[in-house]
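Student: Dumping the structure here so I can ask a few things about it.
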Amino acid sequence: MGETEEKQGYSFGTFKGVYTPSVLTIFGVIMYLRFGWVLGNAGLMGTLLIVTIATSITFLTGLSISAMATNMKVGGGGAYYIIARSLGLEAGAAVGLPLFFARAIGVAFYIAGFTEALLSIVNPLPFDLALSAKIISAVTLAGLTALAYFSADLALKVQFGIFAAIVLSLISFFMGNPTVEALAVPPDAIIPPQVGFWVVFAVFFPAVTGIEAGLGLSGDLKNPAKALPIGTLLAIITGYLVYMIMPVFLHSRIPDSNLLLIDPNIMSTVARWAPLVILGVFAASLSSALGSMLGAPRTLQALALDRVIPRFIGRGFGKDKADPRIATALSFVVALAAVLLGDINRIAPILSMFFLLSYGLLNLSAGLEGLIESPSWRPRFKVHYGVSLLGAVICFAAMLMIDAGATLIAIFVTVLVFYLVKRRRLNAHWVDMRYGILTLLVRFAIHRLNKLKPDERTWRPKILALSGSPKSRWHLVEMANSLTQHSSALTVASILPVEDWSADKVQAMEESMRDYLEKREVDAMVKIFPSPDMLSGARALVRAYGYGPLTPNTILLGDTENRSSFNEFAELIRLVYRTRRNLVMLRESDVETSEDADEIHVWWGGNKDNIGLMLTLAYQIQKSPVWKQSKLILKTIVDSEEERENANERLETFIKEQRIPAKADVLIKSLPNFFDIIRQSSADAGLVFMGMRPPGEEESIEEYSRYYGNLMEATLEMPPLAFVLAAEAIEFREVIGISGSR
């Protein structure tokens with residue numbers, strides 16, 4: 001959101017804007033209508049454990065919120081705003097949209113509690129009970145929506161009276177000393193079966209999620225950095241103290257735990273002045289509903305202002321444009337649909353999943369911020385990152401324990417929203433910590449890799465493609481992409497003449513190349529390197545490019561037919577070989593090839609290292625979409641018919657041992673020149689692999705340059721050719737053997 005939008009709001013203080021709505025949501029319908037049921041199912045120790053686990057989750061989350069609120073200017077949207085500014089817009093939206101529905105459904109949850117309490121003390125309307133409940137709930141929802149629609153300030157002022165009613169109801173409850181007759185279980189009562197610990201936990205957990213009420217009003221606080229930590233933590237502590245004392249008091253007053261299972265109004269049964277408890281039930285359920293009705297539209301408004309959903313939804317009205325009336329109307333529609341469920345026990349677990357997911361990500365955000373230790377992470381309220389990460393683990397563990405299936409559904413919905421927002425490629429106008437997270441992971445991985453040696457089992461071609469502009473030499477980029485296939489590192493490099501160099505020009509070229517490659521779904525890094533000329537720049541890149549163990553092991557380049565450059569080109573090949581990097585030199589076809597050419601020919605001339613690398617590369621290419629239907633043929637030439645059978649048997653055995661999808665083809669030397677045989681045999685191939693000999697130790701550049709020139713001359717008028725020179729200290733025959741087993 002823009003700076004102007006962040007300053008809009010009512011400027012509430014700590015007590016009015018955070019503590020009051022939070023503590024009133026905590027002392028809600030669960031406390032009045034389900035706490036006895038929780039105690040009856042879980043027992044005293046189980047209830048205290050449930051309260052402690054649930055409150056520890058909100059307390060750890062409160063600590064994380066406090067740290068993040070004192071490190072950033074928190075705008076409207078509460079949890080969504082914090083997660084979006086920390087983990088990115090996509091992650092924020094993935095949590096914000098489900099969280100909006102959770103808050104809106106929460107309105108129905110609290111109204112259902114109000115309706116249940118009302119119908120338990122008055123005669124139902126003169127038609128069936130279910131219809132009466134829906135009518136009462138719908139009318140109540142309409143009244144609360146009208147209050148939130150026109151003024152959040154008026155809604156929060158109403159909550160001070162509600163707060164007084166709840167305090168009086170608790171005083172009446174703790175002063176209660178009911179008679180034995182009042183606590184007797186009716187002889188004809190039907191005792192419901194007890195349920196498991198985590199089912200009870202799921203029903204109880206929304207009772208401690210009141211911190212969402214204060215967090216949801218973050219954009220309307222005068223000083224969020226002060227109000228959120230103090231108000232949130234005080235509300236959590238207040239709720240915990242009351243929730244720990246209540247079960248002990250109930251346990252001491254009620255001799256038969258079956259009464260807890262059948263009497264939803266156990267608090268009024270025990271209380272000294274029952275009408276005060278009934279008033280407290282009405283006040284708590286309505287205040288909780290009102291708090292959610294204030295928070296849900298503001299989450300939706302924040303999503304709209306960040307353009308995740310249509311922007312008109314976030315339009316503000318009233319004083320300082322602070323009332324999101326369109327978002328409030330949408331919240332009403334969602335809540336009205338949820339009112340049709342009308343059962344607290346059915347709605348509560350749904351809320352628990354969404355709240356736990358948002359709490360988990362809030363804790364994860366704060367934990368990662370502390371773990372990364374960016375200079376910008378300087379919260380005034382300091383929390384060790386381990387505390388926040390522990391909170392995240394507990395949240396996700398609780399979700400799994402409550403309902404593994406519902407957890408997977410919640411995660412699926414979150415991932416789906418993340419993916420849909422990601423596809424829209426929205427431009428956020430803030431900087432999140434994803435770069436820092438990736439830097440941390442890369443740093444860890446590099447230090448670990450530095451202690452390990454490359455091995456045949458995990459070998460992949462890490463390619464530096466000296467392609468120049470991808471538009472002019474697309475065949476090189478296409479080959480490199482087919483070899484890496486998103487499973488290995490690819491860098492597309494271009495040399496920029498020094499006289500044209502400037503930092504701005506390099507950045508512009510990199511962005512242009514990156515966009516070009518991304519549109520063609522090529523997953524590659526881009527490197528622009530300034531140099532006086534192409535070949536000296538290429539040599540400098542081969543020597544220096546990479547970081548620690550993350551250096552290219554294979555150099556991919558095109559050939560040159562400029563004879564004046566043969567010596568320098570031969571020097572580049574020798575440098576590649578002596579730096580223990582493999583070389584793949586791709587030569588475009590100078591004859592027209594058929595579009596149906598789907599065979600890959602690998603010619604074996606006797607070099608064991610080259611054949612292993614060539615087969616590995618050919619196998620990698622076959623896994624790419626372009627070459628998926630191709631046939632791989634391993635070819636060699638012998639001098640006579642007598643040698644052919646033995647050579648064919650050796651190739652077949654080799655193919656079988658290496659488990660590669662290839663055929664063997666042994667040719668007899670029928671022409672005086674080997675290259676004429678290759679040219680004739682591979683005329684219809686789509687791609688041909690041939691080995692190159694390495695430069696000799698004592699061989700001069702001029703001598704190797706002549707070898708290169710003769711090779712280029714001898715391979716004219718052939719299909720696309722990939723010349724391969726293996727130099728890495730890897731047994732490539734083992735690489736293809738292992739790869740073929742996958």
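Just so it is clear, none of the values below were taken in a lab; they were calculated from the coordinates. Everything numeric in this text was worked out from a predicted model, so none of it was measured. Please note: Cβ atoms are built from the backbone with ideal geometry, for glycine as well, and neighbour counts cover all protein chains shown.
Student: Please give the charge dipole size of region 669-717, origin at the Cα centre, charges +1 on K and R Cβ atoms and -1 on D and E Cβ atoms. Round to the nearest 20 debye.
Tutor: Using only the charged Cβ atoms, the result is roughly 280 debye.
Student: Cross-link candidates for LYS628: which aspartates and glutamates have Cα within less than 12 Å, leaving aside residues fewer than 8 places away along the same chain?
Tutor: Cross-link targets: ASP598, GLU599.
Student: Still on this structure, please answer the following. Tilt of helix 89-121 relative to the longest C-alpha principal axis of the chain, in degrees (0 to 90, nearest 10)?
Tutor: So the inclination is approximately 20 degrees.
Student: Also, I was wondering about something else. Given R₀ = 22 Å, what would the calculated FRET efficiency be for ALA404 paired with VAL199, taking r from the Cβ atoms and rounding to 0.05?
Tutor: According to the calculation, E is roughly 0.95.
Student: List the residues whose amide H sits under 5 Å from the amide H of PHE12, counting only those 5 or more places along or on another chain, with H placed 1.01 Å from N in the peptide plane.
Tutor: LEU221, LYS222
Student: While we're on this one: Expressed as an acute angle from 0 to 90° and rounded to the nearest 10, what is the orientation of the C-alpha long axis of helix 474-484 relative to the principal long axis of the chain?
Tutor: 60 degrees
Student: Roughly speaking, what is the stretch gain from GLU657 to THR579, that is 0.36 nm per residue apart minus the C-alpha to C-alpha distance, in nm to one decimal? Write out the running numbers ahead of the final one.
Tutor: On the way: separation 78, 0.36 × 78 = 28.08 nm, distance 3.11 nm.
Stretched out fully, the GLU657 to THR579 stretch lengthens by 25.0 nm.
Student: Tell me the label-point distance for the pair GLU703, ARG443, using the 7 Å Cα-to-Cβ offset, in nm and rounded to one decimal.
Tutor: Placing both labels 7 Å along Cα→Cβ, they lie 5.0 nm apart.
Student: Taking a temperature of 4 °C and a viscosity of 1.567 mPa s, what whole-number D in µm²/s does Stokes-Einstein yield for region 378-445 with Rh from Kirkwood over alpha carbon pairs? Walk me through the numbers before you get to the answer.
Tutor: Values: Rh = 15.3 Å.
Approximately 85 µm²/s, per Stokes-Einstein.
Student: Express in nm, to one decimal, how much length is gained between ARG424 and ILE230 on full extension, taking 0.36 nm for each residue of separation and deducting their alpha carbon distance.
Tutor: Numbers: separation 194, 0.36 × 194 = 69.84 nm, distance 3.81 nm.
The span from ARG424 to ILE230 would gain 66.0 nm if fully extended.
Student: Mind checking which of VAL492, MET509, LEU476 is farthest towards the positive end of region 471-510's charge dipole, using Cβ charges of +1 (Lys, Arg) and -1 (Asp, Glu) about the Cα centre?
Tutor: LEU476
Student: Report the calculated FRET efficiency for VAL158 and ASP504 (r = Cβ-Cβ distance, R0 = 51 Å), to the nearest 0.05.
Tutor: The computed FRET efficiency comes out at 0.30.
Student: Identify, among ALA570, VAL442, ALA714, the residue whose Cα sits farthest towards the positive end of the charge dipole of the chain, taking +1 on the Cβ of Lys and Arg and -1 on the Cβ of Asp and Glu, with the dipole about the Cα centre.
Tutor: Farthest along the dipole direction, towards plus: VAL442.
Student: Can you compute the modelled spin-label distance between ARG434 and GLU511, with each label point 7 Å from Cα toward Cβ, in nm?
Tutor: 1.8 nm
Student: What's the magnitude of the charge dipole for the chain around its Cα centre, counting Lys and Arg as +1 and Asp and Glu as -1 at the beta-carbon? Answer in Debye, nearest 20. Provide the component values of the computation, followed by the final result.
Tutor: Working: 66 positive and 67 negative charges, 617 e Å.
That gives a dipole near 2960 debye.
Student: Let me ask another. Taking 0.36 nm per intervening residue step and subtracting the Cα-Cα distance, what contour gain separates THR238 from THR593 on full extension?
Tutor: 119.9 nm
Student: If you don't mind, there's one more thing I want to ask. Rounded, prolate or oblate, given the Cα gyration tensor of region 12-156, with a/c below 1.5 counting as rounded?
Tutor: Numbers: a/c = 2.15, a/b = 1.38, b/c = 1.56.
Cα axes put region 12-156 in the oblate bin.
Student: Taking Cα pairs under 8 Å and at least six residues apart, what relative contact order does region 579-736 come out at, in percent?
Tutor: 43 percent
Student: Next question, about the same structure. Which label belongs to the value computed from this structure, given these candidates for P(r) over Cα pairs in 20 Å bins from 0, in percent: [x] 16, 48, 29, 7, 1; [y] 15, 34, 22, 20, 8, 1; [z] 14, 42, 32, 11, 1?
Tutor: Working out P(r) over Cα pairs in 20 Å bins from 0, in percent from the coordinates points to [y].
Student: Roughly what would the spin-label model give for LYS222 and ALA184, points 7 Å off Cα along C-beta, in nm?
Tutor: 5.8 nm
Student: Still on this structure, I have one more. What does the net charge come to around SER488 if you take all other residues with beta carbon closer than 12 Å to its beta carbon, with K and R at +1 and D and E at -1? Mind showing how you got there, number by number?
Tutor: Details: positive: ARG460, LYS462, LYS623; negative: ASP523.
Around SER488, the surrounding residues sum to +2.
Student: Right, next: Once every DSSP H run of n ≥ 4 in the chain is given -39500 (n - 2.57) and the sum is divided by its residues, what mean residue ellipticity at 222 nm do you get, rounded to the nearest 500 deg cm²/dmol?
Tutor: -19500 deg cm²/dmol
Student: Give or take rounding to whole Å, what are the principal axis extents of the alpha carbon atoms in region 3-424, in descending order?
Tutor: 66, 45, 38
Student: Still on this structure: I'd like the orientation of helix 503-519 relative to the chain: the angle between its Cα long axis and the longest Cα principal axis, in ° from 0 to 90, rounded to 10.
Tutor: Helix 503-519 sits at roughly 80 degrees to that axis.
Student: Given charges of +1 on the Cβ of Lys and Arg and -1 on the Cβ of Asp and Glu, with all other atoms neutral, how large is the dipole of region 463-740 about its Cα centre, in debye to the nearest 20?
Tutor: Dipole about the Cα centre, nearest 20: 760 debye.
Student: Of the listed peptides 582-595, 448-461, what is their order by residue-averaged count of other C-beta atoms within 10 Å, with the highest listed first? Walk me through the intermediate numbers first.
Tutor: Values: 582-595: 16.6, 448-461: 13.0.
Ranked by mean Cβ neighbours within 10 Å, highest first: 582-595, 448-461.
Student: Are there any trypsin sites (Lys or Arg not before Pro) in region 381-437 that are in a DSSP loop and have at most 13 other Cβ atoms within 10 Å? List them by number.
Tutor: Sites meeting the loop and neighbour criteria: LYS382, ARG425.
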